[in-house]
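Here is the structure we will look at, set down as structure tokens.
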Amino acid sequence: MNDRTCIVTRQAAEPDALLRFVAGPDLTVVPDIGRKLPGRGCWVTAERRYVDQAATKKLFARALKKDVTVPPDLGATVDRLLARTALGALGLARKAGQVALGASKVDAAVRSGKALAVLHAHEASEDGVRKIAQARRAVAYAGGPDIPAHKLFSESELGLALGATNVIHAALLAGEAGKAALKRVAALDRYRGTSSDDRNRVAAARTIENAAEDTE
């Protein structure tokens, strides 16, 4: 097994698709989100279910070759670390001017092709999400990108990260800081396993619209 093979699935993958873990000084398993901690490490596919499986099946001890202790809340700890990293990246994108706030500005950013991704607060209304989803579908139908949407944070969490109040809808805009933030947001979404349904709905909508056009 090479050092970038998941200890659960036994499948090799790119580093961004994996999470690294090491044994701390007290032989407790520690997530190494930044991949900078010293010592022997092991890798787990970057999804919560695989981290939980590695813990319950006692795979960390085998991979790290030590009698390590796995914290009972390891999966939740990884979630918190990924969320903190994503929120920090959102703050940097905001400072770089690569975040649009408010439903109207988000809609405009999506339709203009400037949006890399859309963010909805947990408190976002179904109607508000639906209207922006319509804009995303319109862009995809016109041959543009499938702009992802993520619903990962509360209004207060987004507001604190972005230095604003009442942040219900936001869009990450093109640029290095925006791309970096999207990478972190997507990693958290993938870990929680909450992004695929939304992307599938947009893709399905475009397929249905294309099929309808073909039959006209």
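For segment 71-80, the criterion of being buried (at least 16 other Cβ atoms within 10 Å of the Cβ), under 15 Å from GLY178 (Cβ atoms) and of a type in the set (Val, Ile, Thr) is met by no residue.
Taking segment 24-70 on its own, how many of its residues are part of a loop (DSSP other than H, G, I, E, B) and over 19 Å from LYS183 (Cβ atoms)? So that I can check it myself, show each step before the final result.
In the first step, residues of segment 24-70 are kept if they are part of a loop (DSSP other than H, G, I, E, B); the result is 24-27, 32-40, 46-47, 57-58, 65-68, 70.
From what's left, over 19 Å from LYS183 (Cβ atoms): 24-27, 37-40, 57-58, 65-68, 70.
Total meeting the criteria: 15.
Restricting attention to segment 192-213, does a residue exist that is at pLDDT 95 or above and surrounded by fewer than 19 Cβ atoms within 10 Å (Cβ to Cβ)? Looking for residues that are at pLDDT 95 or above and surrounded by fewer than 19 Cβ atoms within 10 Å (Cβ to Cβ), one finds at least one in segment 192-213, hence yes.
Close Cβ contacts (under 8 Å, 6 or more residues apart or on different chains) running from residues in segment 41-70 that are farther than 19 Å from ALA23 by Cβ to residues that are surrounded by fewer than 16 Cβ atoms within 10 Å (Cβ to Cβ) and aliphatic (A, V, I, L, M) comprise THR45/ALA13. Just wondering, is there one or more residues in segment 73-93 that are in a loop (DSSP other than H, G, I, E, B) and farther than 23 Å from HIS169 by Cα? Among the residues of segment 73-93, at least one is in a loop (DSSP other than H, G, I, E, B) and farther than 23 Å from HIS169 by Cα, which makes the answer yes.
Could you check segment 129-185 and list, in sequence order, the residues that are within 25 Å of ALA17 (Cβ to Cβ) and assigned to a loop (DSSP other than H, G, I, E, B)? PRO145, ASP146, ILE147, PRO148, ALA174, GLY175 - these are the residues of segment 129-185 that are within 25 Å of ALA17 (Cβ to Cβ) and assigned to a loop (DSSP other than H, G, I, E, B).
If the condition is being surrounded by 23 or more Cβ atoms within 10 Å (Cβ to Cβ) and more than 17 Å from the chain's Cα centre (by Cα), then segment 145-186 contributes only VAL167.
The values are calculated or read from the model by the stated rules, or taken from the named source; none is laboratory data. Just so you know, these numbers come straight off a predicted model, no measurement behind them. A quick note on method: Cβ atoms are made from the backbone with ideal geometry, for glycine too, and the neighbour counts reach across all protein chains shown.
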